[in-house]
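Worksheet: one structure, shown below.
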Amino acid sequence: MRAYVLLVASVAALGGLLFGYDTGVISGAILFITKDFGLALREQAFTISVVLIGCIAGSAVAGALADRIGRRWTLLVAGVVFFAGAIVSAFTPNEAILLCGRFVVGIGIGFSSVVAPLYISEVAPASVRGALVSLYQFAITVGILVAYLVDYALAAHGQWRWMLGLAVVPSLVLIGGMLGMPESPRYLFKMLFGDRARDELARIYLDPAARAQEEQSIRESLRTRSQGWEALREPAVRAALFIGISLAVLQQITGINTVIYYGPQIFQMAGVGSASASILEQSLVGTVNCVMTLVAIFFVDRLGRKPLLYAGLAGMFVALAALAAAFAQPHLSGSLGAIALGSMMLYVGCFAFSLGPIVWLLISEIFPLRARGLGMSISTLSNWVGNFLVSQFFLTMVERLGRSVTFGIYAALCIVTILFVRAFVPETKQELLESIRVRA
Ligand code: BGC
């Protein structure tokens, strides 16, 4: 792979780092914000979830924006939005302005969650596309882990403004980096800037034959005239949309963010003593999440997307079923902590090399170029709605249905996801982006 392509993907992946950091950092910061602003429970929950509402809004418009002003400019705008949101949140005089700041941060996350994987997959040569989009997921997990560590380090003095404000550093790097990055050659062809598009392809592919093949397949895919919403009427594009939305929702309703957002609470349910012990265990979960994403980076282009999905989902099912069984035992108190920790590690580790990266990868691959921005936007929007619902209702589910039934439901949904992948998801390994077809 050319170092140039890796550089382009890494800069765009900073959007993922900010996604991870900004969703993860609130878990520690909220304790101190609650104290400083005297928040009631309801206000506290809203301070956490307002960012997800911003994500929904941001992802809804990101695709149209990326089709209009380009992938590169949309990522630049995302960087500026992240920066503004971090500054407003860090310097806020009161709760209302903090909510505005966090909403703005959410818009930045919404933008980058649509456009970063889209841009990376459009710049990547087919042979390493899986690894490069998985790099984006890796950046998300690094962002989450760094957020946990920053929270831990700054907790002693309750410095929540610093926790939220430190996001300015990666935002500035994203802005500076994207200024030096090229536009996606696919977008350039679509906008009829053929010469510039060819120059970009020459920087990605050294081999003239590979370059010519890529150019031809892009041109062919642009021959049909229908674009955007109009393209969504075609049966094949609708089928892609069905797969994109379903995968995005399944990624959330199999429960990942109960662990990412509520890990310490789950450890406490399992009887882990102190708050600091459970925060430490949460950092362990964050580390496993990060390290296991490397498995996807190494294997997704060799073994393919579907084998990794099957293996990961099977592991997630076992882990969740073990957790559900453990919580159902009345007399497990001694070993419950260890079982909970073990299952959560297994669960997160298996998510990290399967459903985590591969959902972002597949939704950036399955749409034809003329419907890609829009299709990716709608799928990502569904991902954020799923995220919002699960994280809003997790604690209520535990209260109403009990811990065992709650985790049992997530386990069952892993099986549903396996069946879904078997029935509908195409294998896209090594295929040129424009050759990928979804059966209507
Ligand atoms: C998901 C996020 C999740 C993260 C965990 C991402 O792929 O979309 O909702 O928090 O993975 O690593």
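Looking at segment 89-113, I want the residues that are farther than 17 Å from Ser49 by Cβ and in contact (Cβ under 8 Å) with a residue 40 or more places away in the chain and have a partner that is polar (S, T, N, Q) and in a helix (DSSP H, G or I) with Cβ atoms under 8 Å, at least 6 apart or on another chain. Which pairs are those?
Short answer, once both residue conditions are applied: Phe111/Ser59; Phe111/Thr74.
Does any residue of segment 347-369 turn out to be out of contact with any Gly (no Cβ under 7 Å at 6 or more places or on another chain), without any contact (Cβ under 8 Å) to a residue 40 or more places away in the chain, on the phi < 0 side of the Ramachandran plot and acidic (Asp, Glu)?
no
For segment 96-131, which residues satisfy the criterion of being buried (at least 24 other Cβ atoms within 10 Å of the Cβ), more than 16 Å from the ligand (Cβ to nearest atom) and polar (S, T, N, Q)?
none
Cβ-Cβ under 7 Å, sequence separation 6+ or interchain: first residue in segment 217-241 and on the phi > 0 side of the Ramachandran plot, partner buried (at least 16 other Cβ atoms within 10 Å of the Cβ) and in a helix (DSSP H, G or I). Which pairs?
Close Cβ pairs satisfying both conditions: Gly228/Asp67; Gly228/Ala371; Gly228/Leu374.
When the residues of segment 332-357 are narrowed to those that are more than 11 Å from the ligand (Cβ to nearest atom) and polar (S, T, N, Q), which ends up nearest to Leu247 (Cα to Cα)?
Ranking the qualifying residues of segment 332-357, first place goes to Ser343.
Being at pLDDT 95 or above and of a type outside the set (Val, Ile, Thr) narrows it down to one of Glu399, Glu434, Glu427, so name that one. Please lay out each step first, then the result.
Details: Glu399 fails: at pLDDT 95 or above; Glu434 fails: at pLDDT 95 or above.
Just one listed residue meets the conditions, Glu427.
Filter the helices (runs of 4 or more DSSP H) completely within segment 202-317 down to those with at least 1 residues that are within 30 Å of Val348 (Cβ to Cβ) and away from the ligand (no atom under 15 Å from the Cβ).
Values: elements: 208-221, 228-231, 235-253, 256-269, 275-299.
Correct list: 235-253, 256-269, 275-299.
Can you confirm whether segment 188-199 contains a residue that is under 15 Å from Asp22 (Cα atoms) and touching a Phe, Trp or Tyr at 6+ places or on another chain (Cβ under 8 Å)?
If we filter segment 188-199 for residues that are under 15 Å from Asp22 (Cα atoms), which is where we start, we get none.
No, segment 188-199 contains no residue that is under 15 Å from Asp22 (Cα atoms) and touching a Phe, Trp or Tyr at 6+ places or on another chain (Cβ under 8 Å).
Answer with yes or no whether Ser335 is crowded, with 18+ Cβ neighbours inside 10 Å, free of Cβ contacts under 8 Å to residues at least 60 places away in the same chain, of a type in the set (S, T, N, Q) and assigned to a helix (DSSP H, G or I).
no
Restrict the check to segment 410-432 and report whether at least one residue is closer than 29 Å to Gly58 by Cβ, polar (S, T, N, Q) and without any contact (Cβ under 8 Å) to a residue 12 or more places away in the chain.
Taking segment 410-432 as the starting set, the residues that turn out to be closer than 29 Å to Gly58 by Cβ are 410, 413-414, 416-417, 420-421, 424-426, 428.
Applying the additional criterion that residues be polar (S, T, N, Q) yields 417, 428.
If we keep only those that are without any contact (Cβ under 8 Å) to a residue 12 or more places away in the chain too, we end up with none.
No: zero hits.
Show the residue pairs meeting these rules: Cβ distance below 6 Å; 6+ apart or different chains; first residue within segment 19-35 and farther than 12 Å from Leu164 by Cβ; second residue more than 12 Å from the ligand (Cβ to nearest atom) and of a type outside the set (Ser, Thr, Tyr).
What qualifies is Thr34/Gln44.
For segment 340-347, indicate whether the set of residues that are aromatic (Phe, Trp, Tyr) and within 20 Å of Phe299 (Cβ to Cβ) is non-empty.
Scanning segment 340-347 turns up at least one residue that is aromatic (Phe, Trp, Tyr) and within 20 Å of Phe299 (Cβ to Cβ).
Tell me which of these Val146 doesn't satisfy, since it passes every other one: (1) within 16 Å of Arg305 (Cα to Cα); (2) at pLDDT 95 or above.
(1) is the only condition that Val146 fails.
Say we look at segment 134-149 and pick out the residues that are of a type in the set (Ser, Thr, Tyr) and under 18 Å from Leu164 (Cα atoms); which of these is nearest to the ligand (Cβ to nearest atom)?
Taking segment 134-149 as the starting set, the residues that turn out to be of a type in the set (Ser, Thr, Tyr) are 134, 136, 141, 148.
Among the residues that remain, those that are also under 18 Å from Leu164 (Cα atoms) are: 141, 148.
Values: Thr141: 5, Tyr148: 12 Å.
Per the stated criteria, the residue is Thr141.
Test Gln159 against the criterion of being in contact with a Ser or Thr (Cβ under 8 Å, 6 or more places away or on another chain) and either of a type in the set (D, E, K, R) or away from the ligand (no atom under 16 Å from the Cβ) (or both), and give yes or no. Even if it seems obvious, please write down each step before you answer.
Details: in contact with a Ser or Thr (Cβ under 8 Å, 6 or more places away or on another chain): no; either of a type in the set (D, E, K, R) or away from the ligand (no atom under 16 Å from the Cβ) (or both): yes.
Answer is no for this residue.
Check segment 68-91 and report whether any residue there is aromatic (Phe, Trp, Tyr) and modelled with pLDDT under 95.
Of the residues in segment 68-91, the ones aromatic (Phe, Trp, Tyr) are 73, 82-83, 91.
Within this subset, residues satisfying the condition of being modelled with pLDDT under 95 are none.
Looking through segment 68-91, none of the residues is aromatic (Phe, Trp, Tyr) and modelled with pLDDT under 95.
Can you tell me which residue among Thr47, Thr74, Thr23 is β-branched (Val, Ile, Thr) and more than 15 Å from Ser112 (Cβ to Cβ)?
Details: Thr74 fails: more than 15 Å from Ser112 (Cβ to Cβ); Thr23 fails: more than 15 Å from Ser112 (Cβ to Cβ).
None of the others qualify; the one that does is Thr47.
Does Ser89 satisfy the criteria of being closer than 12 Å to Ala12 by Cα, crowded, with 18+ Cβ neighbours inside 10 Å and of a type in the set (Ser, Thr, Tyr)?
On the way: closer than 12 Å to Ala12 by Cα: no; crowded, with 18+ Cβ neighbours inside 10 Å: yes; of a type in the set (Ser, Thr, Tyr): yes.
Spelling it out, it is not the case that Ser89 is closer than 12 Å to Ala12 by Cα, crowded, with 18+ Cβ neighbours inside 10 Å and of a type in the set (Ser, Thr, Tyr).
The values are calculated or read from the model by the stated rules, or taken from the named source; none is laboratory data. For clarity, every value in this text was computed on a predicted model and none was experimentally measured. Glycine also receives a Cβ, built like all others from the backbone with ideal geometry; neighbour counts cover every protein chain displayed.
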